[in-house]
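The values are calculated or read from the model by the stated rules, or taken from the named source; none is laboratory data. Source: prediction; values computed, not measured. Virtual Cβ from ideal backbone geometry, glycine too; neighbours counted across all protein chains shown.
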Amino acid sequence: MPDFTDFERNPNESPPALQKTPSIRKVQKPDAMRRVPQQLRSRRMVNAIVDAAGQILRQQGREGLSTTSLEVVSGVTKGSIYQYFPNLDAVVAEVFHDVIRQRMAEWSAAQITEFEKAADVVTLVVDSALGLHGELLALDRVFYCSYSGFYDLWQAFDETQQRHNASMLFLKQNLEQCVDFPIGLDARMAAYALGRSVELTTYAMLRDDPDFLTRPELRNILIRIGCAITERHEP
């Protein structure tokens, strides 16, 4: 039986300090799965482990997640869990991927929505981003603060659509149909500016103080930034 002494992490420990870097996004990666399941039986086993981890995180928080609780809830032995996952963070990483894929699929299904004003598009972008970040923080705050730079929501939407620049095109098409979107304003540039400003600001807030993401003031600030991008400006 493998030694699980170092398998678990204290849920109350602080995330590792980020080294000073000129980039807003410090990409620190969680450990990957030891191997990707190929056979149907193995995939079902891994899915059971990940589903169980998600259930435990939602009901008990990270403090309730252990190899013992995973074994009990999933029905998969500790030895089999260790065959696929080197530590609990690797399991949580797969839970996060599942949540993000599910949310991106929901946004993809919505596609073009009838927006009358550009401010409505801005509000959708801000609320969607803050909602997903909040959901991930609630699942495992320490984990997400440590690895938030690894989860690129813009890229995740592109991957869900299986199309390069799908995020930009989604915003561009929605902005162009708004009655108050300025004639002559480059919709492609506005879409990039809107999406990236929300994305980078929220990731910076996660790095600086994750509590900012739950404050209504930040939502209002982000909406004002987005509206400034999509409004008409006199020369």
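Is the stretch 130-145 home to any residue that is closer than 22 Å to Ile225 by Cβ, modelled with pLDDT under 90, part of a helix (DSSP H, G or I) and not small (Gly, Ala, Ser)?
Among the residues of the stretch 130-145, not one is closer than 22 Å to Ile225 by Cβ, modelled with pLDDT under 90, part of a helix (DSSP H, G or I) and not small (Gly, Ala, Ser), which makes the answer no.
Would you check if Ala138 is surrounded by fewer than 21 Cβ atoms within 10 Å (Cβ to Cβ) and small (Gly, Ala, Ser)?
Against the criterion (surrounded by fewer than 21 Cβ atoms within 10 Å (Cβ to Cβ) and small (Gly, Ala, Ser)), Ala138 qualifies.
Out of Ala166, Ala228, I need the residue that is among the hydrophobic types (A, V, I, L, M, F, W, C), surrounded by 14 or more Cβ atoms within 10 Å (Cβ to Cβ) and in the same structural domain as Tyr144 (by the TED database). Which one? Outline the logic, then answer.
Details: Ala228 fails: surrounded by 14 or more Cβ atoms within 10 Å (Cβ to Cβ).
Among Ala166, Ala228, only Ala166 is among the hydrophobic types (A, V, I, L, M, F, W, C), surrounded by 14 or more Cβ atoms within 10 Å (Cβ to Cβ) and in the same structural domain as Tyr144 (by the TED database).
Looking only at the stretch 106-118, decide whether some residue is part of a helix (DSSP H, G or I) and farther than 25 Å from Asn47 by Cβ. Outline the logic, then answer.
Pass one, the stretch 106-118, residues part of a helix (DSSP H, G or I): 106-110, 118.
The next check asks that each one be farther than 25 Å from Asn47 by Cβ; those that pass are 110, 118.
Checking the stretch 106-118: at least one residue is part of a helix (DSSP H, G or I) and farther than 25 Å from Asn47 by Cβ.
Report the residue count in the stretch 179-225 for those that are buried (at least 17 other Cβ atoms within 10 Å of the Cβ) and in contact with a Cys (Cβ under 9 Å, 6 or more places away or on another chain).
2
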